[in-house]
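*Asks:* Before anything else, here's the structure in question.
The values are calculated or read from the model by the stated rules, or taken from the named source; none is laboratory data. All values derive from a computational prediction rather than experimental measurement. Backbone-built Cβ (ideal geometry, glycine too); neighbour counts: all protein chains shown. Remember, those area values only see protein heavy atoms, side chains included, never the ligands or the DNA or RNA. Shrake-Rupley method; radii C 1.70, N 1.55, O 1.52, S 1.80 Å.
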Amino acid sequence: MQATSINSQERFLVEPPRNTPIVREVDVLVCGGGVSGIGAALGAARAGAKTMVIEKNAFLGGAATAVLMNTWNVPVSRMTGVAREVALTLAERGEGNITGPTFPFDPEGFKQAAVDLLQQANVEVLNYTWIEDAIMEGSRIKGVIIQNKSGRQAILAKTVVDATGDADVAAAAGAEYVKGREKDNKMRPMSVLFRLGGVDLGKVIEYCRSQPKEYFTADPNFHIIQPEKGLVRLSGFFHIADKARAAGELPEEIHYLRFEGIDVAHGIVTVNNSRVYGVDGTNAWDISRADTQARLQNRQLKNVIRKYIPGFENAFVIDSSPTVGVRETRRVRGPYVLPQEDLVAQRTFDDSVIRVWRHMAAGRDWHKAEGGEGAPNDAVYRTVTTDLTWFEIPWRVFTPNKVEGMTVGGRVLSVTHEADMWTRGQYCCLVTGQIAGIGAALAAEKGVTPAALDVRQLQSVLGKQGIDVGSAAEKLMPQAA
């Protein structure tokens, strides 16, 4: 075998050619097993495709499990597609609460529900596996190179879905993309979430109710006190954060305290507060730095929460998210770039593939790239509220320019930075993943590129899988004689 040579002057290695074994050939290969990947795999498999999903973690779920972000900002009554199915499954198992304006759930329960649903759909799941590169034939993607304990291998597919959250496969394949905010490439902050046990929620609620203006953000969807329904969500505590920051007990980045995904019966609270700015989720050194810095912030947060908020005196850390939460990196550029203006205006599209409901408002960015989240001059947390509203997403944002044979779902969609705030939520990612998977399956079946699909036919299959395609549904209804 030819030896590796080192070019020390130009700082690179020259690797010898190698034979990489092809270990699988499938109809649809889903890259990423987070919420969008789960949706994509279920959508593709239920559309009749031989489907496989690849995930780097030991388990599925991404932001819902690896990041512990266990609240969706939409009532279950407004959910569509497989997201509604997942929510109802968790509720039936006593691992999710469907009675309120938001949907809190148990992340461990989510892990198992995802596995159960994928197994029922005969999806092959390969965890502990990294995607190394795209296999290209001209501008068409034919599969990916992977690396795991079994070594370097190849998987071939008729169609590939990029559900990586970071457009890793699309970028490797040569697709057009942007990273972060268009004007300066800045990205939303990263976080590590953690859960506290041993919380006396009755005492916490009594404390908050005594002076609500001191403890709550303006948006009622972020402070819910309905313990009789098992629903509690608290966000604010501005004066406590100010006092702790002035005393050097909290870093300058933290201006408020936020508790969600609360298990009322067991006194378990998810803390979503660490914020690390100026980091790039596609840079390994930045990710490592963000993880370290966020965990340091969490130790400070735990001490402040225990010290200043009645009911948390005996709280202890149950766990923290095994991976740092990345909110924004790459987004592809497709035949259409969806702007926030379309969403605010509730623009309808002939090629609409989903009508999404969520609590949102124009200009409402919960995680600004420049920081200052929850600060006195941050209207988003101090004075602004949101409404339950809807918007449509067209098929044209699911296919990247310059790459054939690929669809994208979740955070990878062809949208602007401002529109991403509307589409990046887990519920939306789960269903846009499902749409990407169905589109990939139809393209594989018909031997065409996803961008060339008959959209009416795609919309019909989406409807059969329980997805509200929006205004376009009226055109699919059979005409009266």
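*Asks:* Hey, what number do you get for the chain at 222 nm if only DSSP H runs of n ≥ 4 count, each worth -39500 (n - 2.57), divided across all residues, to the nearest 500?
*Replies:* Values: 14 runs with 143 residues, N = 481.
The per-residue figure over the chain is -9000 deg cm²/dmol.
*Asks:* I want to make sure I understand the PRE zone here: with the label point 7 angstrom from the Cα of Gln147 toward its beta carbon, which residues in the stretch 28-51 have backbone N atoms less than 12 Å away?
*Replies:* Nothing falls inside the zone, counting backbone N under 12 Å.
*Asks:* Continuing with this model, one more query. What accessible area per residue, rounded to a whole number of Å², is obtained for the stretch 197-254 using a probe radius of 1.4 Å?
*Replies:* Numbers: 2570 Å² over 58 residues.
Each residue of the stretch 197-254 exposes 44 Å² on average to a 1.4 Å probe.
*Asks:* Can you tell me how much longer the chain between Glu124 and Ala379 gets when fully stretched, taken as 0.36 nm per residue apart minus their C-alpha distance, in nm with one decimal? Each step should come with its number before you reach the end.
*Replies:* Working: separation 255, 0.36 × 255 = 91.80 nm, distance 4.61 nm.
Gain on extension, Glu124 to Ala379, equals 87.2 nm.
*Asks:* Could you give the dipole magnitude of the stretch 232-382 about its Cα centre, charging the beta-carbon of Lys and Arg +1 and that of Asp and Glu -1, in debye to the nearest 20? Show your work: numbers first, answer last.
*Replies:* Working: 21 positive and 20 negative charges, 47 e Å.
Result for the stretch 232-382 is approximately 220 debye, rounded to the nearest 20.
*Asks:* Skipping prolines and chain starts, which residues have an amide H placed within reach, meaning under 5 Å, of the one on Asp133, given they are 5 or more residues away or on another chain?
*Replies:* The answer is Ile145.
*Asks:* Oh, and also: Against the empirical 2.2 N^0.38 Å scaling, what ratio does the C-alpha Rg of the stretch 185-333 come to?
*Replies:* Working: Rg = 15.8 Å, N = 149, 2.2 N^0.38 = 14.7 Å.
Expressed relative to 2.2 N^0.38 Å, the Cα Rg reads 1.07.
*Asks:* If R0 is 35 Å, what FRET efficiency do you get for Lys307 and Ala218 from their C-beta distance, rounded to 0.05?
*Replies:* On the way: r = 26 Å, r/R0 = 0.74.
Efficiency computed from Cβ-Cβ geometry: 0.85.
*Asks:* Run the numbers for Glu228 and Glu474: contour at 0.36 nm per residue of separation, minus the present Cα-Cα distance, in nm.
*Replies:* Numbers: separation 246, 0.36 × 246 = 88.56 nm, distance 4.07 nm.
Gain in length upon complete extension: 84.5 nm.
*Asks:* Which lysines, on any chain, are close to Lys50 with Cα under 27 Å apart, when same-chain ones fewer than 8 places away are left out?
*Replies:* Counting by Cα, and skipping residues close in sequence, Lys50 has these lysines nearby: Lys111, Lys142, Lys149, Lys158, Lys402, Lys446, Lys464.
*Asks:* Excluding Tyr128 itself, what net charge comes from residues whose Cβ is under 10 Å from its Cβ, given Lys and Arg +1 and Asp and Glu -1?
*Replies:* +1
*Asks:* Report, in whole Å, the centroid distance computed from the Cα atoms of the stretch 58-72 and the stretch 150-209.
*Replies:* Centre-to-centre (Cα) distance: 9 Å.
*Asks:* Return the ratio Rg/(2.2 N^0.38 Å) for the stretch 396-437, where Rg is computed over Cα atoms only. Don't jump to the answer; show the numbers that get you there.
*Replies:* Numbers: Rg = 10.0 Å, N = 42, 2.2 N^0.38 = 9.1 Å.
Here the answer is 1.10, to two decimals.
*Asks:* Something else: Can you spot the lysines whose alpha carbon is less than 28 Å from Lys213's alpha carbon? Ignore those fewer than 8 places along the same chain.
*Replies:* Here the lysines satisfying the reach criterion relative to Lys213 are Lys203, Lys229, Lys243, Lys302, Lys307, Lys368.
*Asks:* How big is the dipole moment of the stretch 393-481 about its Cα centre under a simple scheme where the beta carbon of each Lys and Arg is +1, that of each Asp and Glu is -1, and everything else is neutral? Debye, nearest 20, please.
*Replies:* Numbers: 8 positive and 7 negative charges, 16 e Å.
So the dipole magnitude of the stretch 393-481 works out to roughly 80 debye.
*Asks:* Something else: Mind checking which of Thr99, Pro335, Phe349 is farthest towards the positive end of the chain's charge dipole, using Cβ charges of +1 (Lys, Arg) and -1 (Asp, Glu) about the Cα centre?
*Replies:* Thr99
*Asks:* Lys and Arg at +1, Asp and Glu at -1: add these up for the other residues within a Cβ distance under 14 Å of Phe59 and post the number. Present the calculation step by step, with values, prior to reporting the outcome.
*Replies:* Values: positive: Lys56, Lys111; negative: Glu55, Asp106, Glu108, Asp116, Asp319.
Net charge around Phe59: -3.
*Asks:* Let me ask something else about it. From largest accessible area down, sort Trp357, Trp422; use a 1.4 Å probe on the protein chains.
*Replies:* Working: Trp357 45, Trp422 5 Å².
Output order, biggest surface exposure first: Trp357, Trp422.
*Asks:* Report, to one decimal in Å, the Kirkwood hydrodynamic radius for the stretch 264-374 based on all distinct Cα pairs.
*Replies:* Working: mean 1/r = 0.0561 Å⁻¹.
After inverting the mean inverse Cα-Cα distance, the result is 17.8 Å.
*Asks:* Oh, and also: For the chain, with only Lys/Arg (+1) and Asp/Glu (-1) charged at the beta-carbon, what is the dipole magnitude about the Cα centre, in debye rounded to 20?
*Replies:* Values: 54 positive and 55 negative charges, 40 e Å.
Roughly 200 debye for the chain.
*Asks:* Per 5 Å bin, what percent of the C-alpha pairs of the stretch 327-481 does each bin hold, from zero upward?
*Replies:* So the P(r) values, bin by bin, are 2, 9, 18, 21, 19, 13, 8, 5, 3, 2, 1, 0, 0.
*Asks:* Work the Kirkwood hydrodynamic radius out for the chain: mean of 1/r over every pair of different alpha-carbon atoms, inverted, in Å. Before the final figure, lay out the partial values.
*Replies:* Details: mean 1/r = 0.0434 Å⁻¹.
Computed over Cα pairs of the chain, the Kirkwood hydrodynamic radius comes out at 23.0 Å.
*Asks:* If you don't mind, another one. Rounded to the nearest 5, what % of the DSSP beta bridges within the chain are antiparallel ones?
*Replies:* Working: 48 of 69 bridges.
Approximately 70 percent, going by the DSSP bridge assignments.
*Asks:* If you average 1/r over all unlike Cα pairs in the stretch 139-233 and invert the result, what Kirkwood radius do you get in angstrom? Don't skip to the answer; put the middle values down first.
*Replies:* Numbers: mean 1/r = 0.0526 Å⁻¹.
Evaluated on the stretch 139-233, it is 19.0 Å.
*Asks:* Sticking with this structure for a sec: Take the solvent-accessible surface of the protein heavy atoms, probe 1.4 Å, and return the percent of it on the chain that carbon and sulfur atoms account for.
*Replies:* On the way: 9560 of 19520 Å².
Taking all protein chains in place, the chain shows 49 percent carbon and sulfur surface.
*Asks:* Moving on. Stretch Arg295-Val448 to full length: gain in nm at 0.36 nm per residue minus the Cα-Cα span?
*Replies:* Details: separation 153, 0.36 × 153 = 55.08 nm, distance 4.69 nm.
Answer, rounded to one decimal: 50.4 nm.
*Asks:* Calculate, for Lys243 and Arg18, the FRET efficiency according to 1/(1 + (r/R0)^6) with r their C-beta to C-beta distance and R0 60 Å; round to the nearest 0.05.
*Replies:* In this case the efficiency is close to 0.50.
*Asks:* Calculate, for the stretch 367-481, the solvent-accessible area per residue in square angstrom, rolling a 1.4 angstrom probe over the heavy atoms of the protein chains.
*Replies:* 36 Å²
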